[in-house]
């Protein structure tokens, strides 16, 4: 089948990673602005598939802004899609909507979302709204583990923060395990869902690259940047107590734009993507070190400062 893929969010880190993988397969990719009705209609006039990767995740906006950007734009897109004869509509979501009460073992797609904050709450609402269209559009949903992508995002902010403060005494709860997804592997997961549409439509899949710990992410980031890492780890409850008492000499300061730093880095976030690996033949190619290296390489080449 000659694929012509309409892609939203191509100017964002997640969408950019998807676009690069799609273009590697020499398919026709048509980026469009999901907020523009004209751009949407123009893209859908030619598309055989749609990948919806646009979302508003930056902190600090009112709940109504997140609802408009994430929920309303999704339903508007799906309303337009149901008037077309499309092979597949793939929505990129996130496992971060599960919140911070995950067990210390990998969770499957059946785990109940407990989103924290209006941004993630709106993404859960967008996914729920999308699933009401499943009988009217050939919908697939990809829930990506926390993505280490070039160009931005919370994970890259945290890695940059670790390398900017390598002598801080503590990565709060640094031994908490986490699943990560490299930008390149995110693209591979999307591609796997597109070429296995019979198995993907009407289903939700997870995607990860590797399991690691927050402490290991910090140490690898410093090593790749050529700085000495002097991190200690502490149990989660001790980290919370130190943070509550504001003992800044013992706690790595919270980075700007990352809410609940101690909770994020002190809680497990392990994701089971075995269904995607079996049903879709999804195979990640990057490990933890390679994922960090790719993301930080762009950071170095752009001459960014450590102020982030």
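The values are calculated or read from the model by the stated rules, or taken from the named source; none is laboratory data. Computed from a prediction, not measured in an experiment: that's the story for all the values here. Heads up, the Cβs are rebuilt from the backbone with ideal geometry, glycines too, and the neighbour counts pull from every protein chain shown.
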(request) Quick one: which residue in 258, 288, 251 is in contact with a helix residue (DSSP H, G or I) (Cβ under 9 Å, 6 or more places away or on another chain), modelled with pLDDT under 90 and surrounded by 16 or more Cβ atoms within 10 Å (Cβ to Cβ)? (result) 251
(message) What are the pairs with Cβ atoms under 6 angstrom where one residue, in the stretch 221-247, is at negative phi and modelled with pLDDT of 70 or more and the other, located anywhere, is assigned to a loop (DSSP other than H, G, I, E, B) and loosely packed, with under 12 Cβ neighbours inside 10 Å? Sequence gap at least six, or different chains.
(response) 230/167
(request) Of the numbered conditions (1) surrounded by 21 or more Cβ atoms within 10 Å (Cβ to Cβ); (2) at pLDDT 95 or above; (3) not in a strand (DSSP E or B), residue 155 fails exactly one; give the number of that condition. (result) (2)
(request) Would you mind stating whether residue 121 is outside any loop (DSSP other than H, G, I, E, B) and more than 28 Å from residue 221 (Cα to Cα)? (result) yes
(request) Considering (1) closer than 20 Å to residue 200 by Cβ; (2) free of Cβ contacts under 8 Å to residues at least 40 places away in the same chain, say which one residue 51 fails and leave the rest. (result) (2)
(message) Looking only at the stretch 78-115, filter to residues that are part of a helix (DSSP H, G or I) and in contact with a helix residue (DSSP H, G or I) (Cβ under 8 Å, 6 or more places away or on another chain); which one of those is surrounded by the fewest Cβ atoms within 10 Å (Cβ to Cβ)?
(response) 80
(message) Given the condition at pLDDT below 95, closer than 24 Å to residue 164 by Cβ, surrounded by 23 or more Cβ atoms within 10 Å (Cβ to Cβ) and touching a strand residue (DSSP E or B) at 6+ places or on another chain (Cβ under 7 Å), answer yes or no: does some residue in the stretch 207-219 qualify?
(response) yes
(request) Quick one: count up the residues across the stretch 178-218 that are closer than 22 Å to residue 111 by Cβ and in a helix (DSSP H, G or I). (result) 9
(request) State all residues of the stretch 275-296 that are touching a residue at least 12 places away in the same chain (Cβ under 8 Å) and in a helix (DSSP H, G or I); if no residue qualifies, say none. (result) 275, 276, 279, 288, 289, 290, 291, 292, 293, 294, 295, 296
(request) Tell me which of these residue 141 doesn't satisfy, since it passes every other one: (1) touching a strand residue (DSSP E or B) at 6+ places or on another chain (Cβ under 9 Å); (2) at pLDDT below 95. (result) (2)
(message) Please go through the stretch 269-283 and give me each residue that is surrounded by 22 or more Cβ atoms within 10 Å (Cβ to Cβ) and within 16 Å of the chain's Cα centre (by Cα), ordered by number.
(response) 269, 271, 273
